[in-house]
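Take a look at the structure set out below.
The values are calculated or read from the model by the stated rules, or taken from the named source; none is laboratory data. Nothing here was measured: the structure is a model prediction, and the numbers come from that model. A quick note on method: Cβ atoms are made from the backbone with ideal geometry, for glycine too, and the neighbour counts reach across all protein chains shown.
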Amino acid sequence: MIDTLRLTAEEAFRLVERGEVSTAELHAAYLAAIAERDDELHAYLRTVDDPQGIPIAFKDLVSTRGVETTAGSRILAGYKPVFDATVATRCRESGMSLLGKTNMDEFAMGSSTENSGFGPTKNPWDPERVPGGSSGGSAAAVAGGLAPWALGSDTGGSVKQPASLCGIVGLRPTYGTVSRYGIVAFASSLDQIGPMTKTVRDNALLYRAIAGRDPMDSTTVELPEAVQVPDALDLKGLRVGVPKELNEAEGIEPGVNEAADRTIELCRELGAEVGETSLPRSVEFGLACYYLVAPAEASSNLARYDGVRYGLRVEGADVREMYEKTRDAGFGDEPKRRIMLGAYALSAGYYDAYYGQAQKVRTVIAQEHAAAFESFDVLVSPTSPTVAFRLGEKAENPLAMYLSDVLTIPSNMAGLPGLSIPCGLSEGLPVGFQLIGPQFSENVLFRTGHALERAIGFDVVPGRLR
Amino acid sequence: MNWEPVIGLEIHVHLKTRTKMFCRCEVEYSVPENSRTCPVCLAYPGSLPVPNRKAVEWTVKLGLALGCRIAEHAVFHRKNYFYPDNPKAYQISQYDQPMCVDGRLVVPGSEGESEVGIVRAHLEEDAAKNVHLGSAQGRIAGASATLVDFNRAGTPLVEIVTRPDLRSSEEARRFLQLLRQTVVELGISDAEMEKGSLRFDVNVSVRPSGSDELRTRTELKNLNSFAFAARAIEREVERQVGIYESGGEVEQETLHFDPGSESAPPLRSKEEAQDYRYFPEPDLVPIEPPPELIERLRGELPELPGARMQRLAAELDHDLAADLVTSGRDALYERVPGDRRAVANVLMNQFAASGVDSAAVNPDELGKLIEARSRIPRDRLIEALAASGEPDFTAEGYLADGLVADTSELEPIVDRILEANPGQVEAYRGGKEGLLGFFVGQVMRETQGKADPQVVNELLRAKLTGYASGL
């Protein structure tokens with residue numbers, strides 16, 4: 001029997017190669033698991049029948065030809081793309097086929113998946129709790145044995161944070177290494193597609209499949225070196241920096257701190273040199289900066305949903321009223337809030353003070369990180385200040401929700417890659433450990449993450465499902 | 001008080017690239033609506049723009065031809081606004097870092113040269129075409145439905161903005177004609193107003209002559225021909241002068257002309273300062289043309305029409321030189337031997353009317369024809385010019401067919417006509433000298449146009465006055 005809770009994608013490829021299992025059997029096993037557990041979890045918005053390759057789940061903002069793609073928004077209900085996103089094409093070319101599209105916060109705006117226009121996703125470790133977000137559907141699907149692996153997207157932490165809350169591995173790649181062509185845009189200068197997997201090796205395999213320059217996305221570049229699937233079990237020669245502000249930030253739960261501290265200690269035991277460092281301005285201004293840049297770009301990116309060409313249309317007396325009624329009915333509160341914030345930040349007379357200033361701060365954040373990387377190869381911290389919180393706990397308080405990403409946002413603003421690996425439990429719930437590297441340092445992150453993963457021996461199967 | 005018009009122009013030129021600005025759709029209008037579209041130009045979720053290399057190069061070329069500085073670092077911006085012709089709800093354009101800045105175009109004119117400053121030339125994408133049904137004058141207000149044709153959406157446009165350096169409608173017309181000829185010769189646009197591949201808006205204000213103040217301007221939109229633009233500018237200048245002279249103030253507003261009809265009065269609208277929330281387009285990287293590319297493109301520039309106008313004006317006058325160059329017939333002019341002014345005049349008049357392609361003409365044969373033009377009957381000359389584009393054309397046959405200038409041949413005819421029209425002869429002698437034309441016409445008819453009009457004139461005058469004095 002195929003144990004979908006434990007099967008890694010790497011093993012799945014091996015089984016298929018050896019002829020021990022067919023891709024159809026694999027799909028059948030996952031569809032059976034989905035039938036069994038997804039009524040409760042609601043990780044998927046829809047599944048598809050395409051058993052040609054190793055199954056993979058896509059966050060519902062990855063355009064899939066002929067398969068409804070909503071980005072978690074009612075305004076796109078019924079929208080079927082006429083083209084595949086580049087990452088979808090690359091997955092297919094690497095021997096994968098689509099299992100289904102996963103739930104998400106509407107237009108990737110959120111940290112709990114409660115902002116989905118189609119109902120929240122539950123955390124497989126505790127269905128009373130959120131899986132994180134915005135890639136909560138993908139995280140829950142992988143953690144709950146409903147997909148061997150999945151693609152998520154990360155703007156402010158939307159891969160790393162749900163990976164942390166669901167006890168899986170998530171990579172936010174260097175900005176510009178993975179094509180955004182066909183990805184429903186939230187904040188173009190920050191959005192990156194990232195792999196969400198059970199192991200670091202799977203993560204490297206999936207990153208290898210999707211990364212590299214795409215002529216359809218002008219902001220992509222060729223990788224400076226090939227992606228290596230990690231083997232090494234030690235961290236000899238690695239210089240690990242512990243940024244004070246990221247590890248001592250207000251609101252980090254004690255259990256989270258303990259798990260992270262144990263992991264830092266483990267780095268030392270595995271041969272790394274560990275030292276303290278500082279990112280004062282990045283952490284102080286990162287979140288504020290993000291909440292100007294991302295909503296500003298979102299206000300423009302979401303303006304195309306006007307009811308003229310696709311998706312929802314609510315008729316009105318004239319075109320202006322049609323726009324207003326369509327957008328009022330189609331967007332949830334969070335997109336509306338961010339569209340207003342963003343339009344304001346871009347307005348004449350305010351641009352310099354807000355969007356312009358935020359872009360300057362971004363440069364400062366990048367410089368501060370670059371300075372830290374003169375002394376260290378990776379920087380580490382908890383991924384999320386908390387473990388998975390209860391459904392509804394922060395839903396009514398947008399600011400508390402925004403703080404969920406306070407540790408992931410600073411390096412995202414600098415365009416840097418970050419890997420989250422599970423490093424232990426606090427109150428019976430997974431804690432994620434964030435590894436941040438310089439641009440294009442994914443191989444270093446994979447090597448570090450792999451060695452730690454083996455040393456930690458975290459069991460990715462949620463306790464209640466073992 | 002004397003008033004001086006202050007005129008600036010904003011010109012949009014459609015580049016004739018094979019594909020659109022940010023996607024691979026063909027640029028093609030004579031095809032069914034919405035048949036040249038894709039996820040990018042329809043703004044489907046997740047689609048991304050990729051700049052058209054040719055369009056970028058051509059904009060650099062145009063910038064060089066206009067004497068602009070080519071920016072080392074140009075940035076595309078998003079211009080945000082909602083309208084059904086704008087599928088992304090933003091237009092990708094350029095804002096404070098355009099590709100070409102600070103150029104000039106020297107326009108020769110009868111009162112000397114005038115230099116018109118070019119503030120900027122930038123690259124952007126065009127909008128879709130809307131057809132509003134069931135409303136007055138095809139406007140969106142009150143329309144029962146709006147049809148959108150996205151074939152035009154995303155086609156490349158260059159916008160050129162001049163300084164307010166133009167001082168008359170005539171100067172504006174000359175500038176536009178020279179600019180048009182420049183883009184046509186660069187091979188980057190058809191620049192045809194009827195097809196909409198050249199469009200322009202005019203900013204007009206007036207001020208007391210000699211002052212350097214800039215007063216409130218109005219903007220004239222949708223002008224569909226150079227001649228109409230010149231008339232519209234004159235009317236607007238008069239209107240503004242009238243307002244100031246009666247103690248009023250000109251209001252900032254836009255005058256929208258009906259592109260379908262020159263006679264319809266323009267619709268006025270207050271200029272709202274619409275907030276386009278410009279910000280750098282995050283889906284594109286800055287354009288940084290390498291110096292080698294700029295030098296290669298500079299090397300590809302032909303001798304520009306402005307320079308040729310100046311050269312030809314030395315041997316003709318400015319008007320004729322400008323007309324030759326803007327008509328594209330100056331290359332032929334330079335190859336046809338003979339009296340310069342005569343060649344220029346024939347090319348701009350009778351030859352122009354023949355519709356013959358200048359490139360097909362043998363200049364030496366055409367030169368012979370022009371040299372003998374006064375000895376060839378008018379109809380035959382026109383026939384000859386019409387045939388001058390044919391591969392084996394020679395002037396010979398038409399020259400042999402010269403005019404009858406021999407008085408011994410013409411005199412009996414003249415006598416016959418005077419005898420047959422005693423009443424008119426009487427009237428002429430009574431002072432109605434305008435009747436000369438009548439007699440000339442009779443002689444020409446009699447000779448089937450082959451009589452030399454000059455000789456006929458002289459003969460007639462001599463005979464008519466001779467008879468008079470003989471009395």
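Regarding segment A:65-87, can at least one residue be identified that is closer than 30 Å to residue A:404 by Cβ, more than 14 Å from chain B (Cβ to nearest Cβ) and small (Gly, Ala, Ser)? Taking every residue of segment A:65-87 in turn, none turns out to be closer than 30 Å to residue A:404 by Cβ, more than 14 Å from chain B (Cβ to nearest Cβ) and small (Gly, Ala, Ser). Of all the residues in segment A:322-343, those that are buried (at least 17 other Cβ atoms within 10 Å of the Cβ) and within 12 Å of another protein chain (Cβ to nearest Cβ) number 7. In the set (1) modelled with pLDDT of 95 or more; (2) in contact with a Ser or Thr (Cβ under 9 Å, 6 or more places away or on another chain), residue B:221 fails one condition alone, (1).
Being out of contact with any strand residue (DSSP E or B) (no Cβ under 7 Å at 6 or more places or on another chain), farther than 30 Å from residue B:170 by Cα and polar (S, T, N, Q) is not true of residue B:80.
Each residue in segment B:128-182 was checked for being part of a loop (DSSP other than H, G, I, E, B) and either more than 14 Å from every other protein chain (Cβ to nearest Cβ) or under 30 Å from residue B:95 (Cβ atoms) (or both), and 15 of them qualify. So which pairs qualify, if the first residue must be in segment B:20-49 and within 13 Å of chain A (Cβ to nearest Cβ) and in contact (Cβ under 8 Å) with a residue 40 or more places away in the chain, the second must be basic (Lys, Arg) and part of a loop (DSSP other than H, G, I, E, B), the Cβ gap must be under 7 Å, and the two must be at least 6 apart or on different chains? So the pair list comes out as B:41/B:20; B:42/A:309; B:43/B:88; B:48/A:180. If you go through segment A:284-311 and keep only what is away from every other protein chain (no Cβ under 14 Å) and surrounded by fewer than 23 Cβ atoms within 10 Å (Cβ to Cβ), you end up with A:284, A:285, A:287, A:288, A:291. Counted as qualifying within segment B:205-321 are the strands (runs of 3 or more DSSP E) with 2 or more residues that are among the charged types (D, E, K, R), namely B:218-221, B:267-270. Summed over segment B:26-57, residues that are under 25 Å from residue B:183 (Cα atoms) and touching a helix residue (DSSP H, G or I) at 6+ places or on another chain (Cβ under 7 Å) total 1.
Among the residues making up segment A:151-183, those that are of a type in the set (S, T, N, Q) and in a helix (DSSP H, G or I) are A:161, A:164.
Residue pairs, Cβ under 6 Å, 6 or more apart or interchain, first in segment B:168-197 and in the same structural domain as residue B:225 (by TED's automatic domain parsing), second basic (Lys, Arg). List them. Between residues of segment B:168-197 that are in the same structural domain as residue B:225 (by TED's automatic domain parsing) and residues that are basic (Lys, Arg), the close pairs are B:186/B:61; B:189/B:16; B:190/B:16; B:191/B:180.
The residue that is nearest to the chain's Cα centre (by Cα), counting only those in segment B:79-105 that are surrounded by 17 or more Cβ atoms within 10 Å (Cβ to Cβ) and more than 14 Å from every other protein chain (Cβ to nearest Cβ), is B:105. In the set A:85, A:35, A:28, only one residue is touching a residue at least 24 places away in the same chain (Cβ under 8 Å) and of a type in the set (A, V, I, L, M, F, W, C); that residue is A:85.
Taking the stated definitions as given, is residue A:319 within 10 Å of chain B (Cβ to nearest Cβ) and over 25 Å from residue B:77 (Cα atoms)? For residue A:319, the condition - within 10 Å of chain B (Cβ to nearest Cβ) and over 25 Å from residue B:77 (Cα atoms) - is met.
All conditions in (1) more than 14 Å from every other protein chain (Cβ to nearest Cβ); (2) under 29 Å from residue B:96 (Cα atoms); (3) loosely packed, with under 12 Cβ neighbours inside 10 Å hold for residue B:246, with the sole exception of (2).
The criterion of at least 1 residues that are of a type in the set (Asp, Glu) and in contact (Cβ under 8 Å) with a residue 60 or more places away in the chain is met, among helices (runs of 4 or more DSSP H) falling completely within segment A:208-304, by A:254-269, A:280-301.
Results for (1) out of contact with any Cys (no Cβ under 9 Å at 6 or more places or on another chain); (2) at pLDDT 95 or above; (3) at negative phi, shown as yes or no for each residue.
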position: A:348; (1), (2), (3): yes, no, yes
position: A:379; (1), (2), (3): yes, yes, yes
position: A:395; (1), (2), (3): yes, no, yes
position: A:402; (1), (2), (3): yes, no, yes
position: A:413; (1), (2), (3): no, yes, yes
position: A:419; (1), (2), (3): yes, yes, yes
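In this entry, residue B:9 is excluded by the filter for residues that are in contact with an Asp or Glu (Cβ under 8 Å, 6 or more places away or on another chain) and within 14 Å of chain A (Cβ to nearest Cβ). Of the candidates B:314, B:321, the single residue that is without any contact (Cβ under 8 Å) to a residue 12 or more places away in the chain and over 30 Å from residue B:74 (Cβ atoms) is B:314. Inclusion of residue A:349 among residues that are within 19 Å of residue A:442 (Cβ to Cβ), surrounded by fewer than 24 Cβ atoms within 10 Å (Cβ to Cβ) and within 14 Å of another protein chain (Cβ to nearest Cβ) is not warranted. Could we say that residue B:122 is out of contact with any His (no Cβ under 8 Å at 6 or more places or on another chain), part of a strand (DSSP E or B) and within 14 Å of another protein chain (Cβ to nearest Cβ) here? For residue B:122, the condition - out of contact with any His (no Cβ under 8 Å at 6 or more places or on another chain), part of a strand (DSSP E or B) and within 14 Å of another protein chain (Cβ to nearest Cβ) - is not met.
Consider segment B:432-471 and keep the residues that are part of a loop (DSSP other than H, G, I, E, B) and of a type in the set (Lys, Arg). The one that is modelled with the lowest pLDDT is B:450.
Residues of segment A:157-176 that are surrounded by fewer than 24 Cβ atoms within 10 Å (Cβ to Cβ) and at positive phi: A:176 alone. A Cβ distance below 7 Å, combined with a sequence gap of six or more or placement on separate chains, defines the contacts here; from segment A:433-455, residues that are modelled with pLDDT under 95 reach no residue that is among the basic types (Lys, Arg).
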